[in-house]
Structure formats: C-alpha cells, structure tokens
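Following: one structure in structure tokens, then a few remarks.
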Amino acid sequence: MSSNVSITTIGTVNAKAGFLIAFNTFTFSALVLKWSELTKGSDLPKATVLFSVVLLAIAALSSLASLGLTFAAINPFLKTPSTSISRIFFGDIAKFDSPAEYLEKVTACTQEELIKDLAGQAHILAKGTSAKFGWIRRAVGAVLVELAAVVLFVVVHLITAICVYVSVTH
C-alpha cells in the first residue's frame, strides 16, 4: 500500500507539472509575441509605460523561473539508498542479465535483508517525492508572482484609461 501511495503522489506531481508547463509556456509565449503591443503607449505617461514594461518583464521572468522549477520537479529521481544491489529498485533489477539471475538473488535473501531493502527504498522514495513537491511548490510561487504582475499591469492600464477618458470628456 505504501508504494501505491508513493506512486500516486509522484503522479500528482507530474499532473501538476503538466499544467504548470502548459500554463507557463502559454503565458511566456503570449508575452513575447505581444510584447511590442503591450508596451507601446504613445498616449500614456512615460511612468506608466515604464511601469508596464517592468511588470511584464517580471511576469515573463517568473514564467521562465516556474518552468525551470517544474522541470527540476519532473527530473527522474533515480537513487538507491545503499552501495549494495537492491532487490527492489528497478535500476538495480535491470542490471541482472536474466530474470532467472534476479530470481536467484531475491530467493537467496533473508527476510531481514528484504525488510532492510524495503525500508531503504521507502525512505529514499519519500525523500525524492518530498523534493519533487518542494520544486512544484516553488514553481507555483513563481506563477503567483507572474499572475500578480499581470493583474497589476491590467489594473494600471484600466486606471490610466479611465483617467484619460475623464480628462478628455471634461
């Protein structure tokens, strides 16, 4: 049951990573492709244009940071807890020349050796999963900065548009 929980937990990380990659790729691409349209403002005060450029740069850099953190999270975690060959870690199992050789190694181990191997694998898997969630947590934090910058950009432009409209109509 513990291994099913770990596999499901790692699957959760991968699902969140998929969303973050799609979201950040879209956001970064939109900012890059529309950069000149978003930053032009011949009729806007220079301070507003400069502030807009800073906000959009923060959003773009946050998007790239989130992508980098997400890729760190989905990087395969291929560690084994000891220098001896594990009977459980797939990387070590693949080193056997044949299924018969692997079966011989598994059946030759004692219950104590197997429990020690299981405990080591559970511990290293938990560490890896914890690290992956840490990377995802930081990636989501970067997305929050990204969203805050975009929202502030929109608010600044709405306020500026209202001010320009009021000054023109009066």
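Pull out all pairs, ordered by first then second residue, where Cβ-Cβ is under 7 Å, the residues are six or more apart or on different chains, the first lies in the range 88-102 and is touching a residue at least 24 places away in the same chain (Cβ under 8 Å), and the second is surrounded by 16 or more Cβ atoms within 10 Å (Cβ to Cβ) and outside any helix (DSSP H, G or I).
F89/T80
Of everything in the range 81-105, what is of a type outside the set (D, E, K, R) and exposed (fewer than 13 other Cβ atoms within 10 Å of the Cβ)? Give them in sequence order. Give the steps one after another, and end with the answer.
Taking the range 81-105 as the starting set, the residues that turn out to be of a type outside the set (D, E, K, R) are 81-86, 88-91, 93-94, 96, 98-100, 102-103.
Passing the criteria: T83, S84, F90, G91, A94, S98, P99, A100, L103.
Please pick out the residue among I136, I124 that is in a helix (DSSP H, G or I), at pLDDT below 90 and in contact with a Lys or Arg (Cβ under 6 Å, 6 or more places away or on another chain).
Details: I136 fails: at pLDDT below 90.
Within the list I136, I124, the selection yields I124.
Among (1) more than 18 Å from the chain's Cα centre (by Cα); (2) farther than 16 Å from A142 by Cα; (3) modelled with pLDDT of 85 or more; (4) not charged (D, E, K, R), where does N4 come up short?
(3)
Looking at L44, L33, can you tell me which residue is modelled with pLDDT under 80 and under 22 Å from V154 (Cα atoms)?
Details: L33 fails: modelled with pLDDT under 80.
The match here is L44.
Any residue in the range 113-129 that is surrounded by fewer than 17 Cβ atoms within 10 Å (Cβ to Cβ), among the β-branched types (V, I, T) and in contact (Cβ under 8 Å) with a residue 60 or more places away in the chain?
No, the conditions are met nowhere in the range 113-129.
For L144, are the conditions met, namely being of a type outside the set (S, T, Y), within 18 Å of K46 (Cα to Cα) and modelled with pLDDT of 95 or more?
Details: of a type outside the set (S, T, Y): yes; within 18 Å of K46 (Cα to Cα): no; modelled with pLDDT of 95 or more: yes.
Spelling it out, it is not the case that L144 is of a type outside the set (S, T, Y), within 18 Å of K46 (Cα to Cα) and modelled with pLDDT of 95 or more.
The values are calculated or read from the model by the stated rules, or taken from the named source; none is laboratory data. Please read these numbers as outputs of a predicted model, since none were measured by experiment. A quick note on method: Cβ atoms are made from the backbone with ideal geometry, for glycine too, and the neighbour counts reach across all protein chains shown.
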